Amino acid sequence: MTTASEVLSSLQSAFPGAIKDPRVESDARLWATVDPKRIYDVCKYLTDKLNFDHYSGSAGVDWIANNEMEVVEIMASHGAHPVVAMLKVRTPRDNPSIKSLTGLYWNADWYEREIWEMFGINFENHSGLYPLLLSDELMGVWPWRKDFKGYPDLTTGQRAVALPTANGYTEFRIPPTPAEIEAGTVPKERPKYPSFREREEAEIKSDSEMIMHLGPQHAMVPGPFLLDILVEGERVRKGFLDVGYIHKGIEKIMENRTWLQGITYTDRMCYVASLSNNECYCGAVEKILGLEVPERAQYIRVIVEELSRIQSHLIGTGEFLTLIAGVGYAPWQYMIIDREHVISLIESVTGARLTHSFVRFGGVRNDLPDDFAEKCKITLPYIKSRINEFIELFAQDPIYDLRMKDVGVLPAETAKEVGIAGPALRASGVSYDMRVEDPILVYPDLDFKVITGTKGDCADRIDVRLREILESIYIIEQCLDRIPSGPIKPEAKVPKKVPAGEAYYRVEDPRGEMGMYVISDGGDKPYRVKVRGPFYATLQTLPPLLEGVYVADVVAIAGSMDGCPSEADR
Amino acid sequence: MLKKKMIKNFTWPLKVATHGVESTRLYPEVMMELPAAERGIHELDATTCIGCGSCARVCPNSCIEMVPYKYGNPLKNKKMQFPQIDYGRCMFCGLCVDECPVECLKMGKNVVMTGWEREDIVKGPGDIAARKHSAKEVAEFEAEAKRIAAEKAAAKKAAAKEGAAKKAPAKAAGEKAPKKAEGANDKSKNGGAS
Ligand code: SF4
Ligand code: SF4
């Protein structure tokens, strides 16, 4: 098995002098600063020679004190080895620019666009640096830089323009007014680029083609995003995605909140998976703090997170089934009733139904109630029997078969290449689960299978989710048998200030690989929190997946991803 | 084969119907059963709150404001400042509860909150205070508060008359905040001392 130190020595011998300040945190984590000129080659070498075939994202960091910008490329492997390489590339703050990795990894596109629009770091050779999450009028203000003064910028009074409206209110606008342009006082040259509409319309090649809008408000997903498809007759020729409708800037908000307060914001990224988000953030902070979690707390965390996975899969599947209506309304009702039981179980522990804020640094908030195990003994077998019946029900339904089998097929190779995450990836037969790859808590002691599909079509994706529920139930049963008594919080008080350091922590969210990159500068607030969300990665893969399918299948394919745009936008 | 499947399709709803699954909640008539851990509207024990303001500082949404309130315990809470919570902003995260050093702030099972105006869901200490004493206890507390006030007054008078002639056997907290103590004299339903 490859370890981080082996990867490092291999890199050092292949690129002498290009790898600076390497740090082998553990067998599975490698940190290094790479010469900006060599980053493309280093990544290529990692992929070709060392099996790093999973580009997991990148994070921008503004080191304003050093007058530098940094991009951290997160490289991992789809199951060949557990090493995650965090490669940092520095660039001067005045004219930040680094090499784009889009030539190597298809899915680098969105990550780089996001860094560009948030930090103003240019990516050389990126073919489509268009705004992704931000609205057009925020372009050029680089909101995630540390010297960003807010929107509108009232401290200088230069960029924000107050315009009195007809009904007596004041509107603040960032774009230059005509008067400003005439007077030549426009503070900054704004980047020019075609808008989303212009970009998609440029693709219309003949009169027989047209663009169909699905969204931003569409029954397809429980949140707003715009999916435009270019159709020719019954076939989709191209898909376009516009996201950012509910961009909340959570990463930036967390920089302005204390470490503890940050937990409550992770809930709101994706309320269906809020426990995994809690876990991810707390785990990262625990890593920096070097906190040990008491064993009982670890078990409690596993139990509630698996319960949360069950309820997430139930609602994800149920909701999806309503989309392919005619098949789905009855199962949706069944699933939502079943989910209610699971939610009640979680609620009895955490005290909240969706936004739990339950995990704490080094522990959990509440202990399990006394009758929890008994309640589980009633609920879990019931859910199990129901899931088995659902599986059977879908297996025998001919309409379901017609709509789902061989629709939206994603072969394993493509799935890896486009960086799709979670059950959608596993449905293609790639066994990639963070609980195994990057084991946390007590997962290594537990016995469970990673559920995979064979074909990677819509039916497989649903099937994988349903069978994962059974696996989660099995995990919870083991936990309930083994859970020791003991403290649920660390003995010493968790300090308000976190020592300087950084950590990258991954958990298996119900939607796939979720990672958080947390940097502390020793203060009482995070210096930077980067969320690598699973649905962000999955959503990006939609357009290529939709190419060539029938219009009627678009909703089936997009819905089978179990989306949460709230988490993609953050 | 198909026949078998069809029979199964009919038995499925029957099975569900006989499973005894609670599928409809009779909500306004019957409130669902909430667990002990439920994080609902706060309950303040005004008799033990020390007015430290930790809850207000930790709240991520700054929805807690410390406001004056008469029916607390002046012996513990010298400034008589108690949390007032703006439920328009509160997200029921429970951080304030965790942070309270004397564990006087709790979150209860009451989750119903209605109002016509925004101000209706800004709940002052009087609205969220949960500790209630019986009439007898209240009388006792009043007497106690009166006694302390009287002792203090006596001590004050004595001190004014001659420097160190007489030492009032007053309680430790009787030295300061004499005026506030009188406030606790009012028909306090939450009690004065504890
Ligand atoms: S529950 Fe959370 S949001 Fe509400 S008052 Fe307490 S700390 Fe603030
Ligand atoms: S409720 Fe608790 S934390 Fe808040 S002021 Fe009172 S004693 Fe302090």
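Each reported figure results from applying straightforward, stated rules to the coordinates on display, with no laboratory input. Fair warning: this is a prediction, and the values are worked out from it, not measured in the lab. Here the Cβ positions follow ideal geometry from the backbone for every residue, glycine too, while neighbour counts run over all protein chains shown.
Descriptive notes on the structure:
- For trypsin sites (Lys or Arg not before Pro), the sites in the range A:37-90 that DSSP calls loop and that have at most 15 other Cβ atoms within 10 Å are A:Lys37.
- Unit charges at the beta carbon, dipole of chain A: most positive-side option, A:Ser127, A:Asn278, A:Ile346: A:Asn278
- Label-point separation, A:Asp481 to A:Ile253 (7 Å along Cα→Cβ), nm: 4.2
- Cα convex hull volume per residue for the range A:4-138 (Å³): 107
- Across A:Lys88/A:Lys146; A:Lys287/A:Lys496; B:Lys70/B:Lys161; A:Lys146/A:Lys525; A:Lys248/A:Lys493, pairs whose alpha-carbon gap is larger than 21 Å: B:Lys70/B:Lys161; A:Lys248/A:Lys493
- Overall form of chain A per C-alpha gyration tensor (a/c, 1.5; a/b vs b/c): rounded
- Check: chain A dipole with +1 on Lys, Arg Cβ and -1 on Asp, Glu Cβ, in debye: 1280
- Once the Cβ-Cβ distance of B:Met31 and B:Glu119 is raised to the sixth power relative to R0 = 30 Å, the FRET efficiency obtained is 0.70.
- Maximal additional length on extending the A:Gln12-A:Ser26 stretch stands at 3.3 nm, based on 0.36 nm per residue less the C-alpha distance.
- Note that the range A:268-278 has calculated 3J(HN,Hα) couplings of 7, 5, 8, 5, 6, 10, 5, 5, 5, 5, 3 Hz, one per residue in order, obtained from phi through the Karplus relation 6.51 cos²θ - 1.76 cosθ + 1.60 (θ = phi - 60°); glycine and proline are x.
- The range B:34-133, dipole about Cα centre (Lys/Arg Cβ +1, Asp/Glu Cβ -1), debye to the nearest 20: 320
- Cβ-based charge dipole, the range B:34-133, positive-most Cα from B:Ala46, B:Ile121, B:Gln84: B:Ala46
- Taking amide H as placed 1.01 Å from N in the peptide plane, the amide H of A:Val549 sits under 5 Å from that of A:Val236, each at least 5 places away or on another chain.
- Using a simple spin-label model with pseudo-atoms 7 Å out from Cα toward Cβ, A:Glu124 and B:Ala130 lie 6.3 nm apart.
- This model, with +1 at the C-beta of Lys and Arg and -1 at the C-beta of Asp and Glu, gives the range A:250-569 a dipole about its Cα centre of some 840 debye.
- In sequence order, the range A:527-544 has phi-based couplings of 7, 7, 10, 10, 9, 9, x, x, 6, 4, 5, 5, 4, 4, 7, 4, x, x Hz under the Karplus curve 6.51 cos²θ - 1.76 cosθ + 1.60, θ = phi - 60°, and Gly or Pro positions carry x.
- Taking each DSSP H run with n ≥ 4 as -39500 (n - 2.57) and averaging over every residue of chain A yields -12000 deg cm²/dmol at 222 nm.
- Of the GluC sites (Glu not before Pro) found in the range A:209-318, those in coil by DSSP whose Cβ has at most 16 other Cβ atoms within 10 Å are A:Glu234, A:Glu292.
- Each residue of the range A:225-230 is assigned a 3J(HN,Hα), and the resulting list reads 8, 9, 10, 9, 10, 8 Hz, derived from the Karplus form 6.51 cos²θ - 1.76 cosθ + 1.60 (θ = phi - 60°), x at Gly and Pro.
- Across the alpha-carbon set of the range A:250-569, the Rg to Rh ratio works out to 0.97, Rh being the Kirkwood radius.
- Near A:Lys99, the amide H atoms lying under 5 Å from its own belong to A:Glu124; only residues 5 or more places off or on other chains count, and H is placed 1.01 Å from N.
- Approximate spin-label separation A:Leu163-A:Ser431, in nm, with each point projected 7 Å along Cα-to-Cβ: 6.0
- Dipole orientation for chain A: of the candidates A:Val364, A:Leu291, A:Ala558, A:Leu291 has the Cα lying most toward the positive pole (charges on Cβ; Lys, Arg +1; Asp, Glu -1).
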